[in-house]
Amino acid sequence: MKSAAAIVIALTLLVPPAALARCPRTTLGAIEDEVMCLECGVPLDVATDSLQARQERAFITQQIAACRTKDQIKAALAAQYGDRVLATPKAKGIGLAAYLVPAAALVLGAATITLAALRWRGRRPRAARATTTPEDPSESARLEADLGRYDL
């Protein structure tokens, strides 16, 4: 009997700890910032010590102890408390607008600025635009005389 116990202990010491712990590890802190306290209306990591926040934390802790992944825990929270518990909306239905509206506003803003800049640039008078040669022959002669005074 003692030899069997010694063999079990020896085998336990030979097996690496990672092989024993096959369960995906996540922490309460890794999940708290991605879910909301339904009572407080803020992420769970900054929620006060309300009854709802304590219940959600206890639920998450139970799920972690049951070797659930982060995504599984978030899905279980949504099933238990509803989709409002998730800090980010699902990218379908009306929740899709939370992702599309800011992107569309960014594209629209960039297009507006680009068009405004092009129109503003095109409105300058013709005389203000840079030219390579003067249009008036007397200006050309004056330019040559001015350049001749300098020893370049």
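The values are calculated or read from the model by the stated rules, or taken from the named source; none is laboratory data. These numbers were taken from a predicted model, which means no experiment stands behind them. Each accessible area value is taken on the protein alone, full model and side chains, heavy atoms only, with ligands, DNA and RNA left out. Shrake-Rupley method; radii C 1.70, N 1.55, O 1.52, S 1.80 Å.
Descriptive notes on the structure:
- Listed by chain and number, the aspartates and glutamates whose C-alpha is less than 17 Å from the C-alpha of residue 70, apart from same-chain residues fewer than 8 away, are 32, 33, 34, 45, 56, 83.
- Accessible area in the full protein assembly, largest first, 1.4 Å probe, for 31, 113: 113, 31
- For the stretch 93-105, 3J(HN,Hα) per residue [Karplus equation, 6.51 cos²θ - 1.76 cosθ + 1.60, θ = phi - 60°, Hz, x = Gly/Pro]: x, 5, x, 4, 4, 5, 9, 7, 4, x, 5, 5, 5
- On a per residue basis, the stretch 42-85 carries 57 Å² of accessible surface, using protein heavy atoms and a 1.4 Å probe.
- Accessible area in the full protein assembly, largest first, 1.4 Å probe, for 106, 28: 106, 28
- Ordered by solvent-accessible area of protein heavy atoms (1.4 Å probe), largest first, the residues 81, 99 come out as 99, 81.
- Other-chain or far-sequence residues with amide H under 5 Å of residue 37's (modelled H): 42, 44
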